[in-house]
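Before any comments, here is the structure.
Please treat every number below as a calculation from the coordinates, not as lab data. Because the structure is predicted, anything quoted here is derived from the model rather than measured. With ideal geometry, Cβ positions are generated from the backbone for all residues, glycine too; neighbour counts draw on all protein chains shown.
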Amino acid sequence: MPSLPMLLLLLFLIQPRPVKPQGYGRNIFILAGQSNMAGRGGVINDTATGVTTWDGVVPPQCRSNPSILKLDAHLVWVEAREPLHADIDYKKTNGVGPGMAFANSVLGKHPEFGVIGLVPCAIGGTTISEWERGKELYSETIKRSKASMRDGGTIRGLLWYQGETDTVNLHDAQLYQRRLHKFFLDVRDDLQSPLLPIIQVALASGSGPYIEIVRQAQLGTDLLNLRTVDAHGLPLQPDGLHLSTPAQAHLGQMMADAFLQFVPSSNLNYNLSPIRNEAIRLYNCTFCVYKLPLFMTLLSILHKSVL
């Protein structure tokens with residue numbers, strides 16, 4: 001007859017334990033696009049010398065937070081701080097972008113959300129065609145995104161702000177929607193996340209005359225789990241192209257509000273897929289049902305041994 005300690009051990013081992021989704025903890029967001037995503041808030045151009053510098057002003061909405069990390073150029077997690085893209089878009093002068101304001105806003109409204117990991121990938125002056133699958137920018141973004149999950153975490157969304165350079169050429173502007181649509185689908189496919197939430201920004205400005213064609217392409221892109229935040233009318237830097245620091249902070253908050261539409265009111269650290277969460281719940285219930293007979297048998301043996 002089994003000993004009492006052995007029976008107690010068996011009882012402990014068969015207790016059902018909830019299954020936590022993979023990546024419980026770090027919530028990862030990809031930041032991609034061109035200069036307004038990389039951040040030019042507070043970047044000043046000295047017309048006399050042609051040298052651009054950042055004024056170093058960081059508004060409260062964009063300040064560092066121990067719960068906000070970033071994946072640096074060496075694929076190492078470090079505490080995030082402005083300018084987020086300084087070591088990624090390193091050929092340009094970077095300032096304040098929407099990323100820190102986004103993360104701070106999410107945590108401000110849902111402190112229980114958990115640690116946020118930002119993956120900067122934006123490069124200034126790039127066209128949508130340079131983000132095609134197989135090209136350097138795309139490949140580097142997928143590489144960095146996959147590396148961000150190596151030590152745990154789940155990619156919660158793609159934050160995308162691009163298109164100013166595609167307003168220069170009519171042909172590029174007319175093809176923008178088709179290229180954008182394919183880019184979003186390719187990213188989801190390569191990250192094996194067909195319902196990955198995407199928050200994109202409709203242009204506030206452009207480098208050429210076809211701004212409205214690109215804006216309408218962005219506003220008209222229809223995909224499940226895609227939200228479009230309109231930056232039209234937000235204050236610009238003196239160059240008329242880049243968002244000012246206050247505008248970037250406001251944009252980040254707008255993007256956070258759009259993302260939080262995907263987040264359930266409870267269990268914020270759980271995977272955003274209701275299908276996955278339901279599968280986990282059913283697994284736990286099934287575990288209990290099938291282990292119940294064994295549990296009752298062991299209780300009977302335990303009762304007889306005690307007697």
Sorting Ser205, Ser148, Met255 by the position of each Cα along the dipole of region 32-262 (Lys, Arg +1; Asp, Glu -1; all at Cβ), the one nearest the positive end of that ordering is Ser148
So how long is each side of region 32-262 along the principal axes, counting just the alpha-carbon atoms, biggest first, in Å? 44, 39, 31
Of Ser193, Phe183, Trp160, which is farthest towards the positive pole of region 142-215's charge dipole, taken about the Cα centre with +1 and -1 on the beta-carbons of Lys, Arg and Asp, Glu respectively? Ser193
Tell me the Kirkwood radius of region 86-150: reciprocal of the mean inverse pair distance over distinct alpha-carbon atoms, in Å. 13.8 Å
Rounded to the nearest 0.05, what FRET efficiency do His232 and His74 give with R0 = 51 Å and r taken as the Cβ-Cβ distance? Could you check? 0.85
Net charge contributed by nearby residues that have their C-beta within less than 12 Å of Asn104 (K/R +1, D/E -1): +2
Cross-link pairs beyond the 26 Å C-alpha cut-off, checked among Lys91/Lys146; Lys109/Lys143; Lys70/Lys109; Lys70/Lys143: Lys109/Lys143
Using a 7 Å offset from the Cα along the Cα-to-Cβ direction at both Leu219 and Val51, what is the distance between the two label points in nm, to one decimal? 4.2 nm
